[in-house]
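Taking it in order: structure first as structure tokens, then the write-up.
Computed from the coordinates by the stated procedures, all read-outs in this text should not be read as laboratory data. Since we're looking at a predicted model, the values are computed, not measured. Here the Cβ positions follow ideal geometry from the backbone for every residue, glycine too, while neighbour counts run over all protein chains shown.
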Amino acid sequence: MLAIIGGTGLARLAGLRDARREVVRTPFGDPSCALTFGHIDGAPIVFLARHGYGHTIAPHEINYRANIWALQEVGVERVIAVATVGGIRGDCAPGALVVPDQIIDYTSGRHGSYFEGTEQPVTHIDFTEPYDAETRARLLAAGARAQRALIDGATYGCTQGPRLETAAEITRLERDGCCIVGMTGMPEAALARELELPYAALCVVANYAAGKGSSSTAISMEGIRRVLDGAMDSVREVLEAAV
Ligand code: HPA
């Protein structure tokens, strides 16, 4: 079974048939929302809205451990995570869809591991390639099938938020090699790896990052809304093709 985690602008999956919701509790607390089970083209899907169905949970307040645990608990075998980002690299312009291949984690104070406490042995997961190759390939093939251009490969810089970055912070991220910037990619990806759940991300560029392009002096919230309204149909088409 495939799980889709929806981010900003994707709190519901319109194409989900026979949808029913189920509350799942975990040893790490409650997920962002009840899980929605349904079918797309006959394939079973679980959907989880990362920020809650009412979009009320900020990136630093999301219980990432509960979200990923709940998905595994109900039998999910693969996760596609949708997330909005700011664009840093020139081709990652507003409206672009990106399948990142690397991550740099700038977050702090988030619960980033299931391996805590003295009852379990110290465990270090391999995270050289943070995204699952097969799930990435599936997304890229889905983009081709849906005739939607997807950018293959980008380094995702994950900031703490909830505020957007300063122009100097974006310059630093760019120097570090980041191509896109978001607030929810970590620890989500690492937790999925700890549970050995294949995980890849489909990122929607909502705006130029601070100091870049049309965001040279400020980031327009109205602009973000407009871009997301326009891009979410493409995201849905790619997801439906990926299923
Ligand atoms: N920075 C961080 N996260 C984001 C941005 C951004 O510019 N746009 C959408 N999510």
*Return, for the Cα atoms of region 92-206, the radius of gyration and Dmax in Å, separated by a comma.*
15.3, 50
*Name the long-range amide H neighbours of residue 88: under 5 Å, sequence gap of 5 or more, or other chain; modelled H, no Pro or chain starts.*
180, 181, 209
*Binned at 5 Å from 0, what are the whole-percent values of the Cα-Cα distance distribution for region 159-205, short to long?*
5, 18, 22, 23, 17, 10, 4, 1
*Would you compute the Debye intensity of region 198-240 from its alpha-carbon atoms alone, equal scatterers and no solvent, and pass along log10 I(q)/I(0) at q = 0.17, 0.35 Å⁻¹ to two decimals?*
-0.56, -1.16
*Based on Cβ point charges of +1 for Lys and Arg and -1 for Asp and Glu, what charge dipole magnitude is obtained for the chain about its Cα centre, in debye rounded to the nearest 20?*
640
*Per Stokes-Einstein, at 10 °C and 1.306 mPa s, what whole-number D in µm² s⁻¹ belongs to the chain, with the Kirkwood radius over Cα pairs as the hydrodynamic radius?*
88
*Would you please state the base-10 log of I(q)/I(0) at q = 0.11 1/Å for region 156-243, with intensities from the Debye formula using one equal scatterer on every alpha carbon?*
-0.38
*Hey, what D do you get for region 128-191 in µm²/s if you plug the Kirkwood alpha-carbon radius into Stokes-Einstein at 10 °C and 1.306 mPa s?*
118
*Highest first, please rank the peptides 110-119, 200-209 by the mean number of other Cβ atoms sitting within 10 Å of their residues.*
200-209, 110-119
*Normalised by the number of residues in the chain, what is the relative contact order in percent for Cα pairs under 8 Å and 6+ residues apart?*
26
*Top positive-direction residue, dipole computed over the chain with Cβ charges, set 215, 166, 81*: 215
*Kindly work out what percent of the DSSP beta bridges joining two residues of the chain are antiparallel, to the nearest 5.*
35
_Cα-based Kirkwood hydrodynamic radius, region 42-121, one decimal, Å_ = 15.7
